[in-house]
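One structure is given here, and the rest of the page talks about it.
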Amino acid sequence: MAPSLLFNPARLPPSEALQLAQQAPVVLQGSSSETVDQWATYENLLLACLRTGDDEAAAKCMDQLEARFGPDNERVMALRGLLSEAQAENNGELEAVLKQYDAILEGNSTNLPITKRRIALLRSMGRVSDAATALVQLLDFSPTDAEAWSELSDLYFTQGLYSQAIYALEEVLLLSPNAWNIHARLGEVQYMAATTSGSGGASQQKYLAEALKRFARSIELCDDYLRGYYGLKLVTTRLLKEQAKQAKQTDDGEFTLPDSKTIERLDELATAKLSEIVRHSTLKDRGWRGYDEREVAAARELLSQNGIER
């Protein structure tokens with residue numbers, strides 16, 4: 001099925017984003033009468049054009065949006081800023097865009113679209129600590145912004161601040177308790193925390209127990225979630241290899257590991273499901289398409305490392 005301009009193209013593969021961008025001449029020469037989906041189409045076309053380097057078509061989309069909603073519309077201002085970032089040719093020009101954001105926020109500190117663009121720009125410029133500080137300030141103002149909490153977790157993770165990253169993801173789950181991808185992501189961060197050189201003993205067991213629980217919850221919520229099964233396989237393999245003392249509580253008394261038979265069953269479940277996903281996805285069977293090829297390859301490699309050929 002061809003991609004649609006009614007949906008944000010940010011997560012589309014490059015080839016599909018290019019298909020959307022190539023629709024620019026037709027869309028921009030379309031009917032002048034306003035329709036319900038017209039402006040979402042222009043915005044998504046702008047994003048697709050930026051992804052594929054067609055700044056000229058993106059600028060035309062921007063002009064249409066600005067003419068309709070006005071240059072002072074907060075969303076339009078953020079899109080204009082995004083276009084300016086894409087057109088910047090060096091770090092000095094990016095600094096100029098950052099100053100424009102600062103000037104806008106001096107006049108209106110509650111402009112969330114510009115605030116988020118400023119944070120994204122800081123991160124892209126390598127100023128991760130400044131981006132994290134700005135996100136904390138944003139969350140003081142808007143504590144129910146799950147996207148901001150998730151971004152903050154990622155910023156902490158890139159700096160190796162695992163406990164802070166875990167806290168931020170737990171805040172996301174308070175807002176979206178059934179988000180299976182966030183449960184899996186939290187499991188990934190906890191697993192990484194368990195494998196760091198400074199983590200050992202009860203602390204390591206705590207992280208592994210929590211990671212096991214999060215991955216299990218992820219696949220409970222989404223039966224075919226590859227990352228959930230991948231993480232579950234990682235944790236169970238590690239626990240079985242290390243012959244961990246099962247059902248031993250950590251110092252805080254809140255985290256326990258299941259007994260060895262339960263871990264073995266979970267390992268068998270993860271192995272079987274990963275094998276099934278890899279096999280059907282590789283054959284492109286109906287109902288098994290849509291998996292990220294890189295994730296499928298990683299699952300195949302993990303199975304191979306454990307002596308399982310698929």
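The values are calculated or read from the model by the stated rules, or taken from the named source; none is laboratory data. All figures in this text were calculated on a predicted structure; none of them were measured in a lab. We place every Cβ from the backbone using ideal geometry, glycine too, and count neighbours over all the protein chains shown. For the accessible areas, the whole protein counts, side chains as well, though only heavy atoms, and no ligand, DNA or RNA atoms are used. Shrake-Rupley method; radii C 1.70, N 1.55, O 1.52, S 1.80 Å.
Quick check: is even one residue across the stretch 49-60 within 15 Å of residue 6 (Cβ to Cβ) and either touching a residue at least 12 places away in the same chain (Cβ under 8 Å) or out of contact with any Phe, Trp or Tyr (no Cβ under 8 Å at 6 or more places or on another chain) (or both)? Walk me through how you get there before you give the answer.
Within the stretch 49-60, the first condition is being within 15 Å of residue 6 (Cβ to Cβ), and the residues that meet it are none.
Checked the stretch 49-60: no residue is within 15 Å of residue 6 (Cβ to Cβ) and either touching a residue at least 12 places away in the same chain (Cβ under 8 Å) or out of contact with any Phe, Trp or Tyr (no Cβ under 8 Å at 6 or more places or on another chain) (or both).
Among the listed residues 96, 146, 165, which satisfies the condition of being without any contact (Cβ under 8 Å) to a residue 40 or more places away in the chain and touching a Leu at 6+ places or on another chain (Cβ under 6 Å)?
Among 96, 146, 165, only 146 is without any contact (Cβ under 8 Å) to a residue 40 or more places away in the chain and touching a Leu at 6+ places or on another chain (Cβ under 6 Å).
Which one of 68, 80 is more than 17 Å from residue 7 (Cβ to Cβ), open to solvent by 80 Å² or more (accessible area, probe 1.4 Å) and assigned to a helix (DSSP H, G or I)?
Criteria check complete, one pass: 68.
Within the stretch 32-65, restricting attention to residues that are more than 19 Å from residue 82 (Cα to Cα) and of a type in the set (Asp, Glu), which residue is most open to solvent (accessible area, probe 1.4 Å)? Reasoning before the result, please.
Taking the stretch 32-65 first, the residues more than 19 Å from residue 82 (Cα to Cα) are 32-38.
Adding the requirement that they be of a type in the set (Asp, Glu) leaves 34, 37.
Working: 34: 104, 37: 76 Å².
Applying the filter and picking the extreme gives 34.
Could you grab me the full set of residues in the stretch 9-27 that are at pLDDT below 85 and either more than 15 Å from residue 52 (Cβ to Cβ) or among the charged types (D, E, K, R) (or both)?
Of everything in the stretch 9-27, those that are at pLDDT below 85 and either more than 15 Å from residue 52 (Cβ to Cβ) or among the charged types (D, E, K, R) (or both) turn out to be 11, 16.
Could you tell me whether the stretch 133-141 includes any residue that is buried (at least 23 other Cβ atoms within 10 Å of the Cβ), in a helix (DSSP H, G or I) and of a type in the set (Ser, Thr, Tyr)?
Checking the stretch 133-141: not a single residue is buried (at least 23 other Cβ atoms within 10 Å of the Cβ), in a helix (DSSP H, G or I) and of a type in the set (Ser, Thr, Tyr).
Within the stretch 44-65, work out how many residues are assigned to a loop (DSSP other than H, G, I, E, B) and touching a helix residue (DSSP H, G or I) at 6+ places or on another chain (Cβ under 7 Å).
The total comes to 2.
With the requirement that a residue be in a helix (DSSP H, G or I) and among the acidic types (Asp, Glu), what does the stretch 83-120 give you?
Kept after step one, since they are in a helix (DSSP H, G or I), are these residues of the stretch 83-120: 83-87, 91-107, 112-120.
Result: 85, 93, 95, 102, 106.
What number of residues within the stretch 271-292 are open to solvent by less than 70 Å² (accessible area, probe 1.4 Å), in contact (Cβ under 8 Å) with a residue 12 or more places away in the chain and outside any loop (DSSP other than H, G, I, E, B)?
Final tally of qualifying residues: 7.
Test each condition in (1) open to solvent by less than 30 Å² (accessible area, probe 1.4 Å); (2) in a loop (DSSP other than H, G, I, E, B) for residue 10 and report the one that comes out false.
(1)
For (1) at pLDDT below 95; (2) of a type outside the set (Gly, Ala, Ser), each residue gets a yes or a no:
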{"site": "64", "(1), (2)": "yes, yes"}
{"site": "76", "(1), (2)": "no, yes"}
{"site": "81", "(1), (2)": "no, no"}
{"site": "86", "(1), (2)": "yes, no"}
{"site": "91", "(1), (2)": "yes, yes"}
{"site": "95", "(1), (2)": "no, yes"}
{"site": "101", "(1), (2)": "no, yes"}
{"site": "116", "(1), (2)": "no, yes"}
{"site": "121", "(1), (2)": "no, yes"}
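I need the full set of residues from the stretch 70-93 which are without any contact (Cβ under 8 Å) to a residue 24 or more places away in the chain and either farther than 17 Å from residue 107 by Cβ or of a type in the set (Val, Ile, Thr) (or both), in order please.
Correct list: 76, 84, 88, 89, 90, 92, 93.
Answer yes if at least one residue in the stretch 239-252 is over 23 Å from residue 185 (Cβ atoms) and at pLDDT 90 or above, and no otherwise.
There is at least one residue in the stretch 239-252 that is over 23 Å from residue 185 (Cβ atoms) and at pLDDT 90 or above.
Look through 190, 204 and report the one residue that is of a type in the set (S, T, N, Q), at pLDDT below 95 and more than 25 Å from residue 113 (Cα to Cα).
The unique qualifying residue is 204.
Which of the numbered conditions does residue 29 fail, given that it passes all the others? Conditions: (1) touching a residue at least 24 places away in the same chain (Cβ under 8 Å); (2) exposed (fewer than 12 other Cβ atoms within 10 Å of the Cβ).
Only one criterion is unmet by residue 29, namely (1).
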